[in-house]
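Undergrad: Just passing along the structure, written as structure tokens.
The values are calculated or read from the model by the stated rules, or taken from the named source; none is laboratory data. This structure is a prediction, so every number in the text was calculated from the model and none was measured. Here Cβ is always computed from backbone atoms with ideal geometry, including for glycine, and neighbour counts include all displayed protein chains. Calculation scope for accessible area: heavy atoms of the full protein, side chains included, ligands and nucleic acids excluded. Shrake-Rupley method; radii C 1.70, N 1.55, O 1.52, S 1.80 Å.
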Amino acid sequence: MVSLTQLWLPILLAAVFVFLGSSLVHMALRWHNSDYLPHPDEEGLRAAIRKGSPGPGQYTLPHCGDHKEMGSEAMKKKFEEGPIGFLILTAPGVPNMGRYLGQWFVYTLAISFCVAYLASRTLAPGTPYLQVFRVAGTVAFLAYAAATVQGSIWFGKPWKVTLKDLADGLIYALLTAGAFGWLWPR
């Protein structure tokens, strides 16, 4: 069995590789720019939201408190009239990219640690590169990508956006797998 202390370098490098890879995906390739559409009446929508003074949180339109209410004629009418949606609001203010990037890096470290944990319990020292790559890559893909599908199933996120998220997850998994395969203890 491989100890987790032997894997500190692949954990750190995998996180750095994914952080840099995601920066390239979002800043150089910019293939996610088309994922976010402008609202045709953004100012009117912003004014309507401000009028209600909602705090940061996740909101549903129309809001249905329980499944019993779902059967009422009034609720059925709201769903038929639309719009139906999910709204996430954050606190007002200029976005703090440093905070977001810091959280993203901690998240990549956490995933790399989980990959290391599973690999260290299933692979022996000296395991060939390709076998380490397969195990680490599969775990990383599940961590970075699999949950993105839920957004399309339950919340109406466009499938083309989810497919891009899955592609991102594959890139991050390959980077993680490469780091672990390369630096696996011999």
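Undergrad: Of the residues that sit in the range 19-41 and are out of contact with any helix residue (DSSP H, G or I) (no Cβ under 7 Å at 6 or more places or on another chain) and among the aliphatic types (A, V, I, L, M), which one is least open to solvent (accessible area, probe 1.4 Å)?
TA: Ala28
Undergrad: Within the range 158-170, is even one residue at positive phi and either in contact (Cβ under 8 Å) with a residue 60 or more places away in the chain or buried (at least 16 other Cβ atoms within 10 Å of the Cβ) (or both)?
TA: no
Undergrad: If you don't mind, there's one more thing I want to ask. If a residue has to be open to solvent by 60 Å² or more (accessible area, probe 1.4 Å) and touching a helix residue (DSSP H, G or I) at 6+ places or on another chain (Cβ under 9 Å) to count, how many in the range 80-91 make the cut?
TA: Final tally of qualifying residues: 2.
Undergrad: Something else now. From the list Ala143, Ala177, Ala167, exactly one residue is in contact with a Lys or Arg (Cβ under 9 Å, 6 or more places away or on another chain), modelled with pLDDT of 95 or more and either part of a helix (DSSP H, G or I) or under 14 Å from Ser22 (Cα atoms) (or both). Which is it?
TA: When all the criteria are applied, what remains is Ala177.
Undergrad: Please find, among Gly44, Gly71, the residue that is modelled with pLDDT of 95 or more, more than 30 Å from Leu174 (Cβ to Cβ) and open to solvent by less than 60 Å² (accessible area, probe 1.4 Å). Write out each step before concluding.
TA: Numbers: Gly71 fails: modelled with pLDDT of 95 or more.
Within the list Gly44, Gly71, the selection yields Gly44.
Undergrad: Return yes or no: is Leu109 open to solvent by less than 70 Å² (accessible area, probe 1.4 Å), modelled with pLDDT under 95 and either part of a helix (DSSP H, G or I) or not acidic (Asp, Glu) (or both)?
TA: Judged against the criteria, Leu109 is not a match.
Undergrad: Just to check your reading of the model, which residue among Thr122, Thr148 is under 21 Å from Arg30 (Cβ atoms) and of a type in the set (S, T, N, Q)?
TA: Just one listed residue meets the conditions, Thr148.
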